[in-house]
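The block underneath contains the structure these notes are about, expressed in structure tokens.
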Amino acid sequence: MGTQVTFQRPDGQAVHGYLAEPAIAAGAPAVVVIQEWWGINDQIRGVADRLASAGYVALVPDLYRGKSTVEAEEAHHLMTGLNFGDAASQDIRGAVQFLKQRGGKVGVTGFCMGGALTLLALCHAPEVDAAVVWYGCPPLEYIDASRIKVPLQAHWATQDEVFPIATVDSLQDKLREAGVKFDFHRYLARHGFANETAVGPGRIAVTQYDPVWAQQAWDRSFSFFGRWLR
């Protein structure tokens with residue numbers, strides 16, 4: 001459904017990405033999709049395709065520069081080798097600027113590591129119009145909530161062992177103090193509950209797909225983006 005594209009970071013470097021477009025792409029709203037720690041795989045491309053089917057232009061920037069994995073140890077290695085500040089302020093902001101040139105409003109959404117990067121991008125990419133975070137948060141000291149000027153929705157798992165739910169309480173306090181407009185939802189689920197591949201052997205045990213909660217979170221996300229990007 002999608003194609004490979006190349007876009008420019010603010011510093012001029014070129015980045016590749018996966019672009020999925022709706023049937024009518026001219027003037028359509030757009031969403032930058034941020035990968036989990038696995039890299040760009042079929043699952044995250046599927047997220048972009050899902051957004052395209054709903055009428056959005058979706059772009060997944062290739063933060064790992066062509067690398068991806070199904071092994072947790074290798075994924076951890078790739079993630080720890082990623083400069084999060086550079087990814088948020090350059091790769092993701094460049095993707096947002098690329099989509100902005102097409103004329104519509106642009107949102108950002110990300111999962112796990114991508115959720116953390118979505119929050120950072122809100123502090124580094126003033127062009128963003130709205131964002132949806134899925135079960136991911138950076139260390140709170142890296143979030144300058146005073147720079148977040150757009151609506152934010154987030155989906156959290158109460159049984160999350162990767163991003164403990166207690167952190168979300170502190171994040172809410174920080175956002176509230178800064179006057180950020182946010183809409184947080186909590187689900188009786190484990191980490192990765194919206195990733196349909198987070199089941200069975202070969203995946204880390206702390207993740208578990210939940211189709212019911214995933215559908216509810218997606219319904220809320222589409223309603224949210226529909227309100228702020230259309």
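The values are calculated or read from the model by the stated rules, or taken from the named source; none is laboratory data. What you are looking at is a predicted structure, and each value in this text was computed from that prediction instead of being measured. Cβ placement follows ideal geometry from the backbone for every residue including glycine, while neighbour counts extend to all protein chains displayed.
Do the conditions hold for residue 160, that is, is it over 27 Å from residue 30 (Cα atoms), surrounded by 17 or more Cβ atoms within 10 Å (Cβ to Cβ) and modelled with pLDDT of 95 or more? Here the answer is yes, as residue 160 does meet what is asked. Restricting the first member to the stretch 63-87 and to residues that are within 17 Å of residue 197 (Cα to Cα), and the second to residues that are buried (at least 17 other Cβ atoms within 10 Å of the Cβ) and among the small types (Gly, Ala, Ser), the beta-carbon pairs closer than 8 Å and six or more apart or on different chains are 68/39; 69/39; 69/75; 75/39. The residue that is farthest from the chain's Cα centre (by Cα), counting only those in the stretch 157-174 that are of a type in the set (Val, Ile, Thr) and part of a loop (DSSP other than H, G, I, E, B), is 158. Looking at the stretch 101-156 only, could you name the residues that are of a type outside the set (A, V, I, L, M), touching a strand residue (DSSP E or B) at 6+ places or on another chain (Cβ under 8 Å), without any contact (Cβ under 8 Å) to a residue 60 or more places away in the chain and not in a loop (DSSP other than H, G, I, E, B)? Correct list: 156 only.
Restricting to the stretch 175-187, and then to whatever is touching a residue at least 12 places away in the same chain (Cβ under 8 Å) and either closer than 13 Å to residue 144 by Cβ or more than 21 Å from the chain's Cα centre (by Cα) (or both), can you tell me which residue is surrounded by the fewest Cβ atoms within 10 Å (Cβ to Cβ)? Restricting to residues being touching a residue at least 12 places away in the same chain (Cβ under 8 Å) and either closer than 13 Å to residue 144 by Cβ or more than 21 Å from the chain's Cα centre (by Cα) (or both), the top hit is 177. The set of residues in the stretch 140-166 that are of a type in the set (Gly, Ala, Ser) and under 21 Å from residue 216 (Cα atoms) comprises 154, 157.
Checking each residue in the stretch 51-69 for being hydroxyl-bearing (Ser, Thr, Tyr), touching a helix residue (DSSP H, G or I) at 6+ places or on another chain (Cβ under 6 Å) and within 18 Å of residue 4 (Cβ to Cβ) picks out only 64. Residues in the stretch 87-114 that are over 30 Å from residue 209 (Cβ atoms) and buried (at least 22 other Cβ atoms within 10 Å of the Cβ): 93, 94, 98.
Do we have residue 93 as under 24 Å from residue 126 (Cβ atoms), in contact (Cβ under 8 Å) with a residue 12 or more places away in the chain and in a helix (DSSP H, G or I) here?
yes
Considering only residues of the stretch 3-60 that are assigned to a loop (DSSP other than H, G, I, E, B), in contact with a strand residue (DSSP E or B) (Cβ under 8 Å, 6 or more places away or on another chain) and of a type in the set (Phe, Trp, Tyr), which is farthest from residue 162 (Cα to Cα)? If we take residues in the stretch 3-60 being assigned to a loop (DSSP other than H, G, I, E, B), in contact with a strand residue (DSSP E or B) (Cβ under 8 Å, 6 or more places away or on another chain) and of a type in the set (Phe, Trp, Tyr), then 56 is farthest from residue 162 (Cα to Cα).
The residue that is surrounded by the fewest Cβ atoms within 10 Å (Cβ to Cβ), among those in the stretch 26-50 that are in contact with a helix residue (DSSP H, G or I) (Cβ under 9 Å, 6 or more places away or on another chain) and charged (D, E, K, R), is 50. Taken over the stretch 49-93, the criterion of being more than 24 Å from residue 225 (Cα to Cα), modelled with pLDDT of 95 or more and of a type in the set (D, E, K, R) is satisfied by 65, 67, 74, 86. Evaluation of residue 60 against the conditions (1) over 15 Å from residue 118 (Cβ atoms); (2) touching a Lys or Arg at 6+ places or on another chain (Cβ under 7 Å) shows that the sole unmet condition is (1). For the residues 154, 166, the requirement of being of a type outside the set (Ser, Thr, Tyr) and under 30 Å from residue 24 (Cβ atoms) singles out 154.
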